[in-house]
Amino acid sequence: MRSLVLALPTLAALVGATPAPLGSLTSPSDLTTNANHVFNAIHSALRQWGSSLNHNGMSYFLATVPKGTQLYHGTSKEEPISGMEWLAYEPEHSLVFSGRHGGPPPFHDNFRLNDQQQPLFESGPPEDDDDLAGYLHTYCAAHPLRLIYVDGEAAAKSDKGTLDTQDYILLNGTEKKGVFWDFERAKGMCELAATEWKGQIHGILRMEGGFEIILCSFKDSLEVVRITRAKSDSRLEEQKFDYYRAITARYDGVGGDRTLLNYDQFVTGFDAKYGIDLFREVEGRTLPRLMNATAKQVGMMREDIRRVVLGMGTDVSLPEHSFNWQGVADMIVGRYAARLKYLVSPSLSTLEAFQREIDSTLQPFIDYARRNSTTESERCATQFIPETAPTASESMAAAAVSHVAHTICSTLLSASEETSYEAAVEKVKELIEYLDWTTWKECGACDPDKLCMLPIWPFGSLEDFMHPTCMNATQMTGRRGYWRLWGRS
């Protein structure tokens with residue numbers, strides 16, 4: 001992944017400023033250095049697709065689950081939960097934990113390692129009817145649930161970096177026992193919520209094969225809707241496919257305003273003020289990691305998270321009062337994703353055809369009687385940002401989204417002025433590499449009996465990551481290897 005290479009000296013300087021096209025130099029201390037990564041974190045937040053591809057999350061958002069929202073818990077016990085446990089957004093996600101052995105149905109026989117993703121406290125199968133397999137608990141939020149959303153695939157038990165934001169930052173690297181210590185991890189984060197965060201947070205929102213909440217107290221935060229006995233499903237292949245179908249239904253978000261995020265006040269390791277040496281080569285890919293953060297850098301991030309959490313009592317900090325920067329990011333991606341790919345496709349093989357396509361894209365922002373590239377770029381970049389939105393000096397999200405929008409528009413204008421077809425196409429290719437939008441890996445529409453397969457813990461292969469494709473239940477069986485621990489196959 002490329003880092004931002006545009007020359008803007010400070011966050012405040014984004015206000016009214018138009019970035020230069022890609023290729024300019026920038027200071028390492030530039031607060032917009034990772035604007036593309038911040039943009040992508042905003043765009044992928046609470047979305048299974050983008051969060052699975054950018055699985056090493058670096059960001060912490062305040063989140064609210066509205067009162068009355070239904071959530072689910074699968075277990076071998078009928079009695080309502082009172083203490084700390086997990087909740088799923090989808091009943092199919094919970095049902096795979098209600099069976100005799102717990103845990104998601106593996107897509108290959110030898111995946112289970114230790115007690116991965118067992119319920120946090122409970123164990124043991126039901127002792128009676130062989131056709132019955134535990135219970136599905138349905139709860140609803142008794143009050144708005146205030147959560148910290150840890151982005152990426154933060155519930156994936158992997159040493160690729162999915163757990164860095166929890167183990168190295170929230171838990172300060174203390175008592176780390178490996179990737180499968182989820183009970184201790186959950187307990188430590190709930191203790192953090194009760195002490196340093198003064199009870200302002202009710203739980204932690206994460207994602208693996210589906211979104212889940214570690215809720216610190218069921219008794220204090222939930223009402224029981226119903227508790228039903230689950231049926232044992234011997235059709236393992238169909239059960240696995242049903243589970244994956246429920247997961248992939250949330251590729252574009254958890255839906256229905258079931259969770260609201262504050263995009264204006266969040267903390268991210270991509271913020272250059274921390275100076276963390278983030279990017280590392282992992283199996284030929286560059287992934288962000290927090291394992292190299294110094295004690296000072298960890299302390300800075302923890303203090304910023306604490307400050308944001310403790311400010312949650314004010315109306316302006318509540319997620320329901322945040323400006324929806326994800327909506328703006330959606331409009332930018334929706335307008336330019338296909339157009340940018342078309343510009344570098346063989347369909348446009350001459351400079352004249354290339355220039356006509358850019359002119360068509362930018363036509364709404366051009367006064368052909370008074371050409372002015374700076375004005376045209378500004379009109380283009382601010383198309384989807386209302387005047388009432390927070391400014392770049394007030395919000396990192398505003399700065400990142402504005403910067404990316406200006407980068408797209410200024411680069412297109414610059415490319416249209418090239419006299420060489422090869423040079424013009426190269427500028428757009430660099431822009432695409434810089435943006436690194438997850439939408440470019442989407443499968444497109446799959447047949448009704450197929451799903452778009454990509455690695456979602458604990459399933460998937462490296463090939464599935466590089467080239468997601470539509471697969472049926474039989475084709476999905478046996479796909480493994482992406483999430484292996486180093487040294488394991």
Q.
Applying a 10 Å radius around every beta-carbon, put 466-479, 215-228 in order of their mean neighbour count, most first.
A. 215-228, 466-479
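Take each of the peptides 259-269, 140-150, average the number of other beta-carbon atoms within 10 Å over its residues, and list them starting from the highest. Each step should come with its number before you reach the end.
Details: 259-269: 24.2, 140-150: 21.2.
Peptide ranking by packing, descending: 259-269, 140-150.
I want to verify the translational diffusion coefficient of segment 197-333 in µm²/s; compute it with Stokes-Einstein, Rh as the Kirkwood radius over Cα pairs, at 37 °C and 0.692 mPa s.
Numbers: Rh = 19.0 Å.
D, rounded to a whole number, is 173 µm²/s.
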**Q.** Extension gain from D359 to A423, taking 0.36 nm per residue of separation minus the Cα-Cα distance
**A.** 21.3 nm
Q.
Under the 0.36 nm per residue contour assumption, what length would be gained going from the current alpha-carbon distance of N292 and R371 to full extension?
A. 23.6 nm
Q) Tell me, in nm to one decimal, what length is gained between S393 and E196 on full extension, where the rule is 0.36 nm per residue of separation less the Cα-Cα distance? A) 68.1 nm
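Determine, from the Cβ-Cβ distance of T350 and A445 and an R0 of 22 Å, the FRET efficiency 1/(1 + (r/R0)^6), rounded to the nearest 0.05.
Numbers: r = 32 Å, r/R0 = 1.44.
Calculated transfer efficiency: 0.10.
Rule-based calculations on the coordinates, nothing more; no lab input. In this text, all values refer to a predicted model and were calculated from it rather than measured experimentally. FYI the Cβ positions are ideal-geometry reconstructions off the backbone, even for glycines, and counts take in every protein chain you see.
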